[in-house]
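Data first, discussion second: the structure below is written as structure tokens.
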Amino acid sequence: MQIDFSRSIIDIVLGHENTVPDRPALIFDLGEGPQDSLTYAQTAARVRQLASALSARGLAGRRIALLFSAGTDFALALLACLAVGSVAIPVAPVGRRRARLQNILSMLGDIRPDCIMLDDSMAGQFGQELSAALPGTMRYLEFSALGQGTHPFTPLTLKPDQLAVLQFTSGTTSNPKGVMITHGNIIANETMIQAAFGHSQDSHFVGWVPHYHDQGLFGNILQPLFLGSTCVITSPAAFINKPMSWLHLISRYRAHTSGGPNFGYDLCVDYATRRGIPELDLSSWRVAFNGAERVRPSTLDRFAECFADAGFDKRAFLPCYGLAESTLVTIAVPPQSEPVVRTYDSRALAAGRAEESAEGLDLACCGPAMAGAEARIVDPKTGEPLPDGSVGEIWLRGPHIAVGYIDNEAATEATFGGRLDEGGPFLRTGDLGFSTPEGFFIVSRLKDTIIVRGRNYAPSDVEHIWSELSGTVGQASAAAVEIEIGDVQHIVLIAEMKRDEARSLSDEMLQETAGKLRAIAMERLELSITDLVMVPASAIPRTTSGKVQRKQAGRMLMDGDLAIIGMTGPLAQAFQPSRQKASAAG
């Protein structure tokens, strides 16, 4: 694949004012109609004005943290930062208010930006306290006060190896790290996505995934701007509160591409099951990408069946795989192809072999590596390449792979320095999977893997059993973790309960549920679940993209930071949150 590194994303976006000046570039709509809309001509003019104002304030070439709510202002601020050669750092405004402020200050302390810029919404929530808490060397700037530059501005010539964005990892298995994304990384991955997803200038987007998440930033915002198509932005909160608003926007704007992780599709099905399906026309939706940790076949089936009468074509589903360290996507199925789902023996997977079986674990293929990228399956212990059908760590290589973690040489070498006989470096993803002639199948996170007597078990397999028992299929409502107390290993399932169910939970019901869980896990996986811990809904920690933080959940359990509704198993007797030798394994 030929990738043109002669132009930056800024050159391309501003160039659209000459080819499609009147086409809407950015639309913000919460489901009630456009709240804000900018054409490519208006976007280009606004970016130049903002870039001129940033340059006049001495912020060219600086690190600028962006604390913004969903909307067009974030996209404008991001583009203006890139236009002056600055490093844009999207900051996630998530969690409870007090915790959010501390998390923001902690992140700012780690990355030490020269300036933090806030939109009106974030300034109203955090402005006074944040400006007072910032160190004297860090500037505080409100977007609305930035004004417009008075001098004509010509974007800088940006080199491919020049740092563009610090994208923070999700923090699923460790503290979030700042991934260094260059201008060349952006051009490479946007070019690869365009080709792999079959996009054109008429491939309009609708997106609700948070803009500070790689999927929201590089997929829902920068890909349509790269193409010269239309980007319709809605807020995650609007979608969560009214799931059908997402589908209404796809119908209203005749979107070609939209998507998200498993829970987004599941939320729509659950809502439609309870309240019915409104009048929708989803026939324009040609690419429904799903890039969760592991694409669930049950999610694809339920959504396709639920919305078939609304014009949704199951062939629109496009399972894919990527992570922040690869800018966005590396592996993807061809567009408009029927999802490939295979059933594999769970016990064989635990032993490192992918063997098809009449009964077992259903896995969806995420396709081959996209053109311009390379993906390999490697033994994580020996560093030796593995053949098709062997479970190992996914290693990636290509021009879209980030250059490393900011101010963290040790982690950069450990993650980005993988070597094979034919060379490198490769990105070690920390994800387990296997390859077939059809493509790659994702199994689990390497660091989350439960190891019992030398056999590897994916925690998501245990969690899926719980979802079946509890009627929460498709929802991230449990965390399977391995906990050690002294020399004793406990395999624990931490499961959430709805408020009305928690009130009626008796010890007899708890024991019965735990018995069913243990029986099914032993039958399917040959895994002994030692403990079941029931906690309130939303008690399990999650990343900004909704992924369960299993290691953190285990630590919270042992530190006494989880509100426990019920608990059964040997851990209940040994449970002492203050015990020093108790720790989450790994």
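A short reminder: the numbers here are calculations on the coordinates, not readings from a lab. Predicted model, so just to flag it, every value in this text is computed and none were measured. FYI the Cβ positions are ideal-geometry reconstructions off the backbone, even for glycines, and counts take in every protein chain you see.
Observations on the model:
- Two-decimal log10 I(q)/I(0) for region 1-130, as the Debye equation yields it once each C-alpha is a single scatterer, q = 0.10, 0.11, 0.18, 0.20 Å⁻¹: -0.38, -0.46, -1.07, -1.20
- Rounded Å value of the spacing that divides the Cα centres of region 196-254 and region 1-76: 15
- In sequence order, calculated HN-Hα J values of region 414-430 (Karplus, 6.51, -1.76, 1.60; Hz; x Gly/Pro): 5, 8, 9, x, x, 10, 10, 4, 7, x, x, x, 10, 7, 8, 6, x
- Kirkwood Rh, angstrom, the chain [1 / mean 1/r, Cα pairs]: 24.8
- For residue 430, residues with placed amide H under 5 Å, excluding near neighbours: 394
- Estimated [θ] at 222 nm from DSSP helical runs (n ≥ 4, -39500 (n - 2.57)) normalised by residues in the chain, nearest 500: -10000 deg cm²/dmol
- A prolate overall shape is assigned to region 350-426, the ratio a/c of its alpha-carbon gyration tensor axes (a ≥ b ≥ c) being 1.5 or greater and a/b exceeding b/c.
- Over 22 Å between alpha carbons, listed pairs 447/547; 177/242; 177/551; 498/547; 242/547; 177/447: 177/242
- Loop-located trypsin sites (Lys or Arg not before Pro) in region 297-397, at most 12 other Cβ atoms within 10 Å (DSSP): 381
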